[in-house]
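The values are calculated or read from the model by the stated rules, or taken from the named source; none is laboratory data. Every value quoted in this text rests on a predicted model; they were computed, and no experiment measured them. Positions of Cβ are backbone-derived with ideal geometry, glycine not excepted, and every protein chain shown enters the neighbour counts. Quick note on the areas: whole protein, heavy atoms, side chains included, nothing else; ligands and nucleic acids left out. Shrake-Rupley method; radii C 1.70, N 1.55, O 1.52, S 1.80 Å.
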Amino acid sequence: RQLYAEAISCDPHNSKLYFDLGRDLADGETVKLHGHVLDKKLLFVEAIYNSSNFSWAYNNLGLALAPGETVRLRDGQALDRQQLFVHGIRADADKRCSLGPVGLA
């Protein structure tokens with residue numbers, strides 16, 4: 001995790017670094033970056049902020065939410081699981097993996 005933090009400090013707009021770190025964190029685990037404490041959901045939000053067409057980040061954020069829970073993206077949108085999965089599909093319609101989680105919402 002320390003290596004991810006160092007890599008992010010060198011390349012703070014690399015969405016894949018935020019995404020990979022978010023995938024590696026356990027539920028409830030946090031990491032401190034840029035003076036802020038982030039959990040996996042917030043790391044996926046950062047990945048989306050840095051690459052709005054990153055379908056995997058939308059999908060993983062949707063999977064990290066509990067049914068009925070919403071999350072606010074940095075652009076101000078408040079989205080629930082189903083809306084995140086739809087954004088994931090729209091972000092990259094060519095990837096079949098984006099279609100999988102829609103039935104979970």
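Just checking the listed ones, Gly62, Gly76, Gly88: in the Gaussian network model of the chain with Cα springs under 10 Å, the one fluctuating most is Gly76. Ignoring aspartates and glutamates fewer than eight residues from Lys41 along the same chain, the ones with Cα atoms less than 13 angstrom from its Cα are Asp20, Asp24, Asp27, Glu29, Glu69, Asp80.
Going by accessible surface with a 1.4 Å probe and the largest first, Tyr49, Tyr4 read Tyr49, Tyr4. Within the shell defined by Cβ-Cβ distances under 15 Å, the residues around Gln83 carry a net charge of +1, with Lys and Arg each +1 and Asp and Glu each -1.
Give a residue-ordered list of calculated ³J(HN,Hα) values for segment 16-25 (Karplus: 6.51 cos²θ - 1.76 cosθ + 1.60, θ = phi - 60°; whole Hz; x for Gly, Pro). Result, rounded to whole Hz: 5, 5, 4, 4, 4, 5, x, 5, 7, 6.
For the chain, the solvent-accessible area with a 1.4 angstrom probe is 57 square angstrom per residue. Calculated mean residue ellipticity at 222 nm for the chain: -14500 deg cm²/dmol, from DSSP H runs with n ≥ 4 weighted as -39500 (n - 2.57), summed, divided by the residue count and rounded to 500. With a 1.4 Å probe and every protein chain kept in, tell me what percent of the accessible surface of the chain is carbon plus sulfur. Heavy-atom surface of the chain belonging to carbon and sulfur, 1.4 Å probe: 50 percent. Placing +1 on each Lys and Arg Cβ and -1 on each Asp and Glu Cβ, with no other charges, gives the chain a dipole about its Cα centre of roughly 160 debye.
When the square roots of the Cα gyration tensor eigenvalues are ordered a ≥ b ≥ c, the ratio a/c for segment 27-70 is 1.5 or more and a/b does not exceed b/c, which makes its shape oblate.
Note on the chain: GNM, Cα springs under 10 Å; of Lys16, Lys40, Lys32, the largest mean-square fluctuation is that of Lys32.
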